[in-house]
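Asker: Below is a structure I'd like to ask you about.
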Amino acid sequence: MDVPFWIWAAVLGFIVVMLAVDLFAHRHAHVIGVREAAVWSGVWVVFGVAFGALVWWGWGAEFGQQYFAGYLIEKSLAVDNVFVWAIIFSYFAVPREYQHRVLFLGVLGALVFRGIFIAAGAVLIQNFSWILYVFAAFLLYTGWRMIRQRNEHLNPEQSMVLRGFRRFVPMTDAYHGQKLLVRRNGVLLATPLLAVLVLIEVTDIVFAVDSIPAIFAVTDEVFLVFTANAFAILGLRAMYFLLADLIHRFVYLKVGLALVLIWVGIKMLLKIDIVYIPTGISLAVVATIITVSVVLSLRATRGQGRRSLPAPAQPPFRVATAEENAALDPVWRRGRPAVRERAGRVHDDAAPARSGAEDGSRTGARDDHDRQHDRQHEGDAR
């Protein structure tokens, strides 16, 4: 697959522009409702499908099917990210109006890290063909582990990342709006929102370790691997706000995702032994597994509406008051302007300005003294 440089540049430019549009549209903190999330989810899906159609038209059906297979795998595995994000936000009691800021930065970091992983994976596959056995074995093991641990959930309190962050990074005990850093009494502190962002980035890196080998099982083309990842990830924020209150209904989806990983692991092993499975069959198998798992989940939980995850009885962090936010110093100034301002006011109070009457009496006395001195000088001259 020959991809000119200008196409790479155009795709990257489009991604940057859409991220900027997303950031501008959500520049003010607000709660994203289901309708807004559905609209943005639809927008990102349309972009992803339209790009796949362009690949199909420009490079042929085989590469088009490879893109759609990779896109579907990444989009499906991304649902697991949504579940984990919901658990993290619930545990930390992050206000909903601040969640988009964290997810925007999280997705931005995910694009960078996945780009690095994709480049590294391509280099490994090109130079060490035996690495495919490692990828296949890892996918099979991950799928088996997901089935075995399908009823287990992430416990943020036991996260080594969170423990290390709390131990080595000075942090406030309250959310200060959408700020990741604040300065209080001259000391630079992280907010709980930064801890949440770090935890989300680390969990995405863990998920990337699963998903990147999975997509290499359906295509060797770096361009398709990256674009399928990018268009699947770009819609994650909207997908979260759309599905976060419905995760209790997808009871069989984790099993479906595990079967997808097992399937692509088997496909990779067969590919190594030159037993070619057409991409169209792989796409059909993945789509069937995901569809069946979703349908069975919704049938098993019919009648259940939207429901947020319960917040902990004692949330680890609180929301700062307006007075606490007003008392903060500017983040990027080392001094303590609030203290200097108070000191200046005390100095002004201790040295009040002279009144006009006082200044006038002193001026008059000085003029009388000068006239007396002039008369004495004239007498001496005579």
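The values are calculated or read from the model by the stated rules, or taken from the named source; none is laboratory data. Only a predicted model underlies this, so the values are computations on that prediction, with no experimental measurement involved. Here the Cβ positions follow ideal geometry from the backbone for every residue, glycine too, while neighbour counts run over all protein chains shown.
Asker: Being within 27 Å of the chain's Cα centre (by Cα) and on the phi > 0 side of the Ramachandran plot, is that true of even one residue in the range 86-96?
Answerer: yes
Asker: Does Tyr98 meet the test of being buried (at least 17 other Cβ atoms within 10 Å of the Cβ) and in contact with a Ser or Thr (Cβ under 8 Å, 6 or more places away or on another chain)?
Answerer: no
Asker: Moving on. Only one of Gly48, Gly109 is more than 30 Å from Asp173 (Cα to Cα), among the small types (Gly, Ala, Ser) and part of a helix (DSSP H, G or I). Can you tell me which?
Answerer: Step by step, each of Gly48, Gly109 is checked, and only Gly48 is more than 30 Å from Asp173 (Cα to Cα), among the small types (Gly, Ala, Ser) and part of a helix (DSSP H, G or I).
Asker: In the set Gly70, Gly115, Gly33, which member is in contact with a helix residue (DSSP H, G or I) (Cβ under 9 Å, 6 or more places away or on another chain), surrounded by fewer than 20 Cβ atoms within 10 Å (Cβ to Cβ) and closer than 24 Å to Val206 by Cα?
Answerer: Of Gly70, Gly115, Gly33, the one residue that is in contact with a helix residue (DSSP H, G or I) (Cβ under 9 Å, 6 or more places away or on another chain), surrounded by fewer than 20 Cβ atoms within 10 Å (Cβ to Cβ) and closer than 24 Å to Val206 by Cα is Gly115.
Asker: How many of the residues in the range 52-62 are surrounded by fewer than 19 Cβ atoms within 10 Å (Cβ to Cβ) and either in contact with a Pro (Cβ under 7 Å, 6 or more places away or on another chain) or touching a residue at least 60 places away in the same chain (Cβ under 8 Å) (or both)?
Answerer: The number of residues fulfilling the criteria is 1.
Asker: Follow-up. What is the number of the single condition among (1) in contact (Cβ under 8 Å) with a residue 12 or more places away in the chain; (2) at negative phi that Asn185 does not meet?
Answerer: So the condition that Asn185 fails would be (2).
Asker: Report yes if Leu236 is surrounded by fewer than 24 Cβ atoms within 10 Å (Cβ to Cβ), touching a residue at least 24 places away in the same chain (Cβ under 8 Å), aliphatic (A, V, I, L, M) and in the same structural domain as Ala110 (by TED's automatic domain parsing), otherwise no.
Answerer: yes
Asker: What's the total number of residues in the range 138-183 that are at pLDDT below 80 and under 18 Å from Phe89 (Cβ atoms)?
Answerer: Here the count works out to 7.
Asker: Another one. Within the range 87-103, count every residue that is part of a helix (DSSP H, G or I) and within 18 Å of Glu36 (Cα to Cα).
Answerer: 8
Asker: Okay, next question. State which residue is modelled with the lowest pLDDT when the search covers only the range 190-230 and only residues that are of a type in the set (Asp, Glu) and surrounded by fewer than 22 Cβ atoms within 10 Å (Cβ to Cβ).
Answerer: Checked the range 190-230; the qualifying residue modelled with the lowest pLDDT is Asp210.
Asker: Test Glu97 against the stated conditions and say whether it is in contact with a His (Cβ under 6 Å, 6 or more places away or on another chain) and of a type in the set (D, E, K, R).
Answerer: yes
Asker: Sort through Gly280, Gly265 and tell me the only one that's surrounded by fewer than 19 Cβ atoms within 10 Å (Cβ to Cβ), of a type in the set (Gly, Ala, Ser), touching a residue at least 40 places away in the same chain (Cβ under 8 Å) and part of a helix (DSSP H, G or I).
Answerer: Gly280 is the lone residue from the list that is surrounded by fewer than 19 Cβ atoms within 10 Å (Cβ to Cβ), of a type in the set (Gly, Ala, Ser), touching a residue at least 40 places away in the same chain (Cβ under 8 Å) and part of a helix (DSSP H, G or I).
Asker: Ok, one more. Filter the range 68-85 for residues that are under 21 Å from Gly48 (Cβ atoms) and of a type in the set (Val, Ile, Thr); which is farthest from the chain's Cα centre (by Cα)?
Answerer: Among residues in the range 68-85 that are under 21 Å from Gly48 (Cβ atoms) and of a type in the set (Val, Ile, Thr), the one farthest from the chain's Cα centre (by Cα) is Ile73.
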